[in-house]
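Shown next, in structure tokens, is the structure this report addresses.
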């Protein structure tokens, strides 16, 4: 998915839903481009019979207001069929996602 720089999504929301629901946002173009590249680098290895209650999501928002999302059960990809799939090469993706949380102003306020 090679997008010209001007076509990158303008916002990225990292959803982390466990016992509580939290959403962390960024408009940083470098972070958004990095997450898109990290998604391209991920491989699906196999179907997983394991399911958890740790839901994570990445929602991209375009300049036109369109959204597209990727959902995960912990670090397993949730397919549209409701099944989960084991991933590999996803370390960079989660490093960037947790970085979104760290720089989100609401999270920073909470940690003070």
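Every number in this text was worked out from the coordinates using simple rules, so none of it is lab data. Fair warning: this is a prediction, and the values are worked out from it, not measured in the lab. So basically every Cβ, Gly included, is an ideal-geometry build from the backbone, and we count neighbours across all protein chains shown.
Compare 67, 20, 55 in a GNM of the chain, Cα atoms joined below 10 Å, and give the one with the largest fluctuation.
Highest fluctuation among the options: 20.
Separation between the residue 69 and residue 44 pseudo-spin-labels, each 7 Å from Cα along Cα→Cβ, expressed in nm?
My value for the distance between the label points is 1.8 nm.
Per DSSP helix of 4 or more residues, -39500 (n - 2.57); summed, then divided by the residues of the chain. What does that give at 222 nm, rounded to the nearest 500?
Mean residue ellipticity, 222 nm, calculated: -9000 deg cm²/dmol.
Most exposed first by the Cβ proxy, i.e. fewest other Cβ within 10 Å, how do 23, 104 rank?
By the 10 Å Cβ count, ascending, the order reads 23, 104.
Give me 17, 71 ranked fewest to most by other Cβ atoms within 10 Å of their Cβ, as a rough exposure proxy.
By the 10 Å Cβ count, ascending, the order reads 17, 71.
For residue 17 and residue 89 in one chain, what is 0.36 nm times their gap in residues minus the Cα-Cα distance, to one decimal in nm?
23.7 nm is the gain from fully extending residue 17 to residue 89.
What number does the chain give for Rg over Rh if you use C-alpha atoms and the Kirkwood radius?
Result: Rg/Rh = 0.96.
Among 83, 101, 56, which one shows the highest mean-square fluctuation when the chain is modelled as a Gaussian network with alpha-carbon springs under 10 Å?
Per the Cα network of the chain with a 10 Å cutoff, 83 tops the list.
Go ahead and run the numbers for FRET between residue 30 and residue 80, Cβ-Cβ distance against an R0 of 30 Å, rounding to 0.05.
0.50
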